[in-house]
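Novice: After the structure tokens below, expect a handful of questions from me.
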Amino acid sequence: MSFLVLSVGSNANAADPRPNVVILFTDDQGTLDANCFGSPDLHTPNIDFLASRGVRFTQAYAHTVCCPSRAALLTGRHPQRGGVYHWTQGDMNSPKGINLFLEEVTLAETLKAAGYRTALFGKWHLGAHRDFGPKKQGFDEFFGIRDGFIDNYNHYFLHRNGFHDLYEGTQSVDADGKYFPEMMTERAVEFIDRNRDQPFFLYVPYNIPHYPEQSLAVHQKRYRQLEDPARRAYAAMVTTTDHYIGRVIKALQSADIMDNTVIIYMSDNGHSNETTYRIRGKEHPSGFPEGHFYGASGGGNTGRWIGHKSQFLEGGIRVPAILSYPAKVPVGESRDQIITAMDWYPTVLELCGIKTNPEAPPVDGFSLMPICKSADAPSPYGGVLHFHWGSKWAVRQGDWKLIGVDGKQNFQLVSLADKNPETINHAKQRPELVNRLLVLHQAWAADVKP
């Protein structure tokens, strides 16, 4: 595409090579669900290590579920602009459904045009159709799941009628019995070793701690003392996720390129409270019997916040996030300003010295470098955030958040400043504020509509 023409800054030379970029995107890891984010009951040494050598963001926002978060991350734009407004196509072999527009320019496409080797090992979830997908949007290599989740050992999507979902590009992979997080991490480690002498972009979107909660046995043992069985199961999944993050970090260290690698860690939404999922039907293709449980435990930690995945309350959209690159980013510090998943795109380009063609579609995110450099720098969002998924939406301005449903007038107006945040609906008492926020939402919705 003509607007992919790039210019590379002065740091792209042999004496000062462009940094590698690694994004570690976890799945359903809740608001405070790492030790360094306020959960002392969790063992997350590798996430904590990243925080110790980077900036930890305490008010980072992804989205309410998987698809829009991934669109925001990879395009730097509100997901609606790229056609991701509802669940994307899951089965590659089904009729064409919702897929991320090919016209959207992903971070992979931009970095590839600048000479980066690119790979995605893990979860795509932006449309499974064979005419779309990672290798159509800038990734040289792709191994993983094209939809949203699988059983980690037989690699079947388990909702409804189910289907097999493990691919090398668009080629189905039969690896029955092999643990998917292990397989995808092995591919990431091998990619790092093979590309240690050239700049690369490695996107590692883990499918865990998302259900089914199939943690490694060694991590299950660690949490036997926890009284709450839901927290026990979820904690083991978080530590299993941290373990595989550690494998990627170790590979970077072994290749002696850790100091020249930008590392981004973030979750795609809050913890899951989907605790009722069971296999339907007696002849499910996964082989599991009818009634087999594969849902979440619901054991996430949101602290003083309420809510969970699929909600616009803070527990559903506020997530842990870290940027680590000691060459240009402070180490061991935290920032409380509002940031979003859309900000990684422009931040990476600034750190890599890459400028996009001004004719390219503008991103909605902002570089985080001013915030990283100063804890007093204002958030570029000015306290205003917008979310929309399906027919549900939310707009936040300052401490106020209005949550609504398209075509309905039953608004929920909540405050982050209340003693118990977001637990009181102020809509009837503050109709003027409801109207003001509604106008903000409507103007934004009209702007981002494709």
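Novice: Within the stretch 233-259, track down each residue that is touching a residue at least 60 places away in the same chain (Cβ under 8 Å), surrounded by fewer than 19 Cβ atoms within 10 Å (Cβ to Cβ) and more than 23 Å from the chain's Cα centre (by Cα).
Specialist: Passing the criteria: Ser254, Ala255, Asp256, Asp259.
Novice: Another question, then. In contact with a helix residue (DSSP H, G or I) (Cβ under 8 Å, 6 or more places away or on another chain), within 24 Å of Cys67 (Cα to Cα) and part of a loop (DSSP other than H, G, I, E, B): does that describe Gly295?
Specialist: So Gly295 fails the test.
Novice: Next question, about the same structure. At pLDDT below 95, in contact with a helix residue (DSSP H, G or I) (Cβ under 8 Å, 6 or more places away or on another chain) and assigned by TED's automatic domain parsing to the domain that holds Gly122 - does that describe any residue in the stretch 302-309?
Specialist: No - not one qualifying residue is present in the stretch 302-309.
Novice: Could you tell me whether the stretch 275-288 includes any residue that is in contact with a His (Cβ under 8 Å, 6 or more places away or on another chain), modelled with pLDDT of 95 or more and under 30 Å from Gly404 (Cβ atoms)?
Specialist: Looking through the stretch 275-288, at least one residue is in contact with a His (Cβ under 8 Å, 6 or more places away or on another chain), modelled with pLDDT of 95 or more and under 30 Å from Gly404 (Cβ atoms).
Novice: So how many residues does the stretch 178-218 have that are farther than 29 Å from Asp259 by Cα and part of a helix (DSSP H, G or I)?
Specialist: Residues that pass the stated criteria total 2.
Novice: Does Lys355 satisfy the condition of being in the same structural domain as Met342 (by TED's automatic domain parsing) and assigned to a strand (DSSP E or B)?
Specialist: Considered against the rule, which asks whether it is in the same structural domain as Met342 (by TED's automatic domain parsing) and assigned to a strand (DSSP E or B), Lys355 comes out as yes.
Novice: A further question on this structure: Any idea which of Ala175, Ala128, Ala119, Ala108 is assigned to a helix (DSSP H, G or I), in the same structural domain as Ile249 (by TED's automatic domain parsing) and either within 25 Å of Thr88 (Cα to Cα) or of a type in the set (A, V, I, L, M, F, W, C) (or both)?
Specialist: Ala108
Novice: Mind listing whichever residues of the stretch 322-352 are within 21 Å of the chain's Cα centre (by Cα) and assigned to a strand (DSSP E or B)?
Specialist: Passing the criteria: Ile322, Leu323, Ser324, Ser334, Arg335, Ile339, Thr340.
Novice: What pairs come up if the first residue lies in the stretch 318-332 and is on the phi < 0 side of the Ramachandran plot and charged (D, E, K, R), the second is buried (at least 23 other Cβ atoms within 10 Å of the Cβ) and assigned to a loop (DSSP other than H, G, I, E, B), and their beta carbons are under 6 Å apart, counting only those six or more places apart or on different chains?
Specialist: Pairs found: Arg318/Thr31.
The values are calculated or read from the model by the stated rules, or taken from the named source; none is laboratory data. In this text, all values refer to a predicted model and were calculated from it rather than measured experimentally. Positions of Cβ are backbone-derived with ideal geometry, glycine not excepted, and every protein chain shown enters the neighbour counts.
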